[in-house]
Amino acid sequence: MTQSVARLIADSLEAHDVDQVFCVPGESYIGLTSALVERNSTRIIVCRHEAGAAFMAAADGRLRDRAGVAMVSRGPGLANGLVALHSAFHDATPMVMLVGQVERADFGRLALQEQNYSVLLSDITKLVIEVNEPAMASEALARAFHIAESGTPGPVAVILPEDIFDDQTDAPVDPPRPHVAAGPRAQDLDDLVDRITKAERPLILVGGGLLADAVHDDQVFADLNKLAESWVLPISPTHRRPQLFDARHPNFGGYMGIRVPPDLINEMKKADLMVALGERMTDTVSQSYSFPTAPQPQLPFVHVWPDANEVGRVWSPDLGIPASPHEVIKALLRREIPAGAAKRQGWVDGLHKIHRALLAKEWEPTTDGVNFAAIVCEVDKHLAEDATITSDAGNFGSFLHRYIGFGQKQIFLSSVVGAMGSGMPMAVAAGLRRPNTQVVCFIGDGGALMMGNEIATARQYGVNPIMIISDNSMYGTIGMHSYVRYPERAFMEGTRLTNPDFADWGRSFGAEAFTIREEPEVADQIAAAFAVKTKPVVVHCLTSAIQMSAWRRYTHAETLP
């Protein structure tokens with residue numbers, strides 16, 4: 001059957017179970033959007049900024065471990081979306097971005113908004129596919145989804161010239177490629193079992209690769225918990241993946257995030273074996289390549305990741321297993337429990353004791369605004385068992401990881417690489433994908449004015465997140481880095497912010513809004529915010545700049561305004 005390329009692409013999206021796409025409408029792909037509107041099987045989520053649309057697609061991909069889809073127009077449209085592509089690439093998040101291009105007859109003439117996308121995107125995508133022949137459109141999409149979701153997941157860009165959508169083709173829909181999960185070799189399992197059996201102080205890191213498996217299989221967390229309990233192993237979720245192991249489980253060995261507190265990291269460094277189970281390994285997880293040291297780890301190191309190209313890329317592991325982390329867990333559970341596993345109980349208990357002490361709801365009041373700890377601890381009382389919590393980038397996020405005891409039924413979404421502006425779009429995506437569930441977004445005053453405008457998208461599509469804004473009138477993380485590196489230098493003029501009244505700002509979008517100025521107001525205002533069910537909520541929190549993070553304060557407060 002002959003049909004237009006636009007309709008073939010719509011068929012292909014439907015074949016890949018794409019039920020919604022995120023975009024800022026653009027003229028270079030209007031042929032496709034008109035076909036999608038006509039078909040009415042794939043919902044178009046109209047956003048306010050291409051970065052917002054792309055962050056939503058990244059979050060949607062993470063929620064399903066299937067590539068989320070964003071559509072952006074050529075030139076400026078794509079440029080706006082680059083930050084989310086960068087984030088998805090570093091975060092190993094599957095995404096397919098459909099990019100408009102100039103008409104084929106104008107290639108190479110520097111036509112309006114023309115760019116060479118194969119060059120521009122070469123460092124932040126897994127692949128750039130240019131579709132210049134109508135018959136290749138469906139095959140290109142099938143290849144894009146397969147590559148985005150395979151091995152180390154990541155973004156793939158598909159470039160579509162403006163004039164191709166009306167071309168006719170009799171090419172069939174290319175169906176989805178089968179999902180491939182690599183399993184461990186028997187000899188590698190033997191080696192791993194032997195290493196764990198001999199270890200007295202093993203440390204098991206679990207990361208995003210395991211989270212991807214969990215989206216496909218509800219048994220993942222149960223299997224992980226069984227392994228931890230029966231083999232007596234401490235489990236440490238890694239940077240911005242806190243929900244991978246219940247924080248109150250006795251085998252929780254501490255959160256391996258960025259800048260682990262001294263008491264915990266010093267104890268962790270007594271380990272005699274590290275197993276990175278579904279953790280890609282980065283500078284943030286490894287404490288700036290110091291634990292384990294790169295390229296030669298200072299302790300026996302086992303790296304389990306589903307992409308052989310990643311295992312050994314930075315570190316030289318004693319054992320590398322390019323396999324699905326869940327397949328490894330299941331294979332271990334089929335083996336006999338190692339003799340003498342109980343010898344590790346003291347090690348597990350010691351790590352957990354330190355973790356529980358760090359999780360304690362304790363903080364010191366501040367004089368220049370509310371200590372954000374008080375707000376996060378109060379929010380924690382209201383979080384549903386299946387809540388989605390999103391966080392923008394910034395030091396305020398450290399309070400979440402210190403004071404919230406995440407559970408395995410909860411979902412946490414953030415830019416792992418630390419891109420500002422992700423928090424609110426990800427909250428909108430979560431509300432769309434998980435309707436009638438609780439969505440809470442934590443965001444700083446800097447990030448709120450980057451992508452907080454997507455609260456308009458939330459209103460348009462009936463999504464009702466609670467947006468907790470930490471307003472300390474500065475770029476707090478940069479202020480901290482300036483203060484730590486150059487304590488003798490003034491830095492406020494380089495980080496200061498003049499902010500709107502965020503409560504009034506929220507109301508202008510049609511949200512309910514509350515303001516917290518002093519600590520005695522926290523409990524009532526947070527309770528009131530969580531009582532609202534029918535519209536988005538903005539909670540404007542006037543927070544301390546002296547308390548620069550959950551772990552650090554300025555010791556020379558007189559340097560602050």
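Hey, got the Cα dimensions of region 1-85 along the principal axes, in Å, largest first?
Cα spread of region 1-85 along its principal axes, largest to smallest: 40, 29, 16 Å.
Could you list, in their original order, any pairs among LYS226/LYS361; LYS381/LYS533; LYS270/LYS343 whose Cα atoms are separated by more than 23 Å?
The answer is LYS226/LYS361.
Where Rh denotes the Kirkwood radius from the mean inverse Cα pair distance, what is Rg over Rh for region 298-366?
Result: Rg/Rh = 1.14.
Determine, at each q value in 0.15, 0.25, 0.31 (inverse angstroms), the log₁₀ of I(q)/I(0) that the Debye formula gives when each Cα of region 52-104 is one equal point scatterer.
-0.36, -0.87, -1.18
Given Cα pairs under 8 Å that are at least 6 residues apart, what percent is the relative contact order of region 234-329?
Once normalised by length, the contact order is 21 percent.
Per residue, how large is the accessible surface of the chain? Use a 1.4 angstrom probe and give square angstrom.
Result: 39 Å² per residue.
For region 86-122 and region 354-371, what is the separation of their Cα centres, given in Å?
Centre-to-centre distance over Cα atoms comes out at 46 Å.
Using a Förster distance of 30 Å, how high is the FRET efficiency between LYS409 and LYS381, based on the Cβ-Cβ distance and rounded to 0.05?
0.95
Any idea how far apart GLU103 and ASP501 come out in nm if each label point goes 7 Å out from Cα toward Cβ?
Label at GLU103, label at ASP501, 5.2 nm between them.
Count the net charge of all other residues whose Cβ sits under 9 Å from the Cβ of PHE145, scoring Lys and Arg as +1 and Asp and Glu as -1.
Local charge sum for PHE145: +2.
Calculate how many DSSP beta bridges within the chain are antiparallel, expressed in % of all such bridges and rounded to the nearest 5.
5 percent
I want the local charge near GLY444. Using Cβ-Cβ distances under 12 Å, sum +1 for each Lys or Arg and -1 for each Asp or Glu among the other residues.
Value of the local net charge: -3.
Tell me, what is the percent relative contact order of the chain, built from C-alpha pairs under 8 Å that lie six or more residues apart?
Here the relative contact order equals 12 percent.
Could you look at the chain and say what percent of its accessible area is carbon and sulfur, using a 1.4 Å probe and all protein chains?
Result for the chain: 50 percent of the exposed heavy-atom area is carbon or sulfur.
Taking every pair of alpha-carbon atoms in region 65-177, give the share separated by more than 18 Å as a whole percent.
47 percent
Under the classification rounded if a/c is under 1.5, otherwise prolate if a/b is larger than b/c and oblate if not, where does region 130-192 fall, given a ≥ b ≥ c as square roots of the Cα gyration tensor eigenvalues?
Judged from the Cα gyration tensor, region 130-192 comes out prolate (a/c at least 1.5, a/b above b/c).
Just to confirm a number: summing +1 for Lys and Arg and -1 for Asp and Glu over residues other than ASP380 whose beta-carbon lies under 13 angstrom from that of ASP380, what do you get?
Counting the neighbours of ASP380, the net charge comes to +2.
Full extension from GLU200 to ASN40: what is 0.36 nm times the residue separation minus their Cα-Cα distance, to one decimal in nm?
Length difference between fully extended and current span is 51.7 nm.
Mind jotting down the three principal axis lengths of the chain based on Cα atoms? Whole angstrom, largest first.
So the three principal-axis extents are 69, 61, 45 Å.
What do the square roots of 5 times the Cα gyration tensor eigenvalues come to for region 144-288, in whole Å, largest first, as semi-axes of the equivalent ellipsoid?
Each semi-axis is √(5λ); the values are 39, 19, 14 Å.
With label points built 7 Å along Cα→Cβ from the Cα atoms of ILE337 and TYR461, find their separation and express it in nm.
4.6 nm
With all protein chains present, calculate the accessible area of LYS535 using a 1.4 Å probe and round the result to the nearest 10 Å².
Counting only protein heavy atoms, LYS535 exposes about 60 Å² to solvent.
With 10 Å bins from zero, work out the P(r) of region 257-349 over every alpha carbon pair and list the percent per bin.
15, 42, 35, 8
Given ASN395, ILE196, GLY312, which one lies farthest toward the positive end of the charge dipole of the chain, if we put +1 on the Cβ of every Lys and Arg and -1 on the Cβ of every Asp and Glu?
It is ILE196, whose Cα lies furthest towards the positive end.
Given the alpha-carbon gyration tensor of region 394-462, what are the semi-axes of its equivalent ellipsoid in whole angstrom, ordered largest first, with each equal to the square root of 5 times an eigenvalue?
19, 17, 9
Within region 5-36, name every residue whose backbone N is under 15 Å away from a label modeled 7 Å from Cα of GLN168 along the Cβ vector.
Residues 5-8 qualify, since their backbone N sits under 15 Å from the label point.
Taking the Cα centre of the chain as the origin and placing charges on Cβ (Lys, Arg +1; Asp, Glu -1), which of SER473, LEU141, ILE159 is farthest toward the positive end of the dipole?
SER473
Towards the positive end of the charge dipole of the chain, with charges on Cβ (+1 Lys, Arg; -1 Asp, Glu), say which of PRO234, VAL348, VAL463 has the farthest Cα.
Among PRO234, VAL348, VAL463, the one farthest towards the positive end of the dipole of the chain is VAL348.
The values are calculated or read from the model by the stated rules, or taken from the named source; none is laboratory data. Note that the structure is predicted; figures quoted are calculated from it, not measured. We place every Cβ from the backbone using ideal geometry, glycine too, and count neighbours over all the protein chains shown. For accessibility, only protein heavy atoms count, side chains too; no ligands or nucleic acids. Shrake-Rupley method; radii C 1.70, N 1.55, O 1.52, S 1.80 Å.
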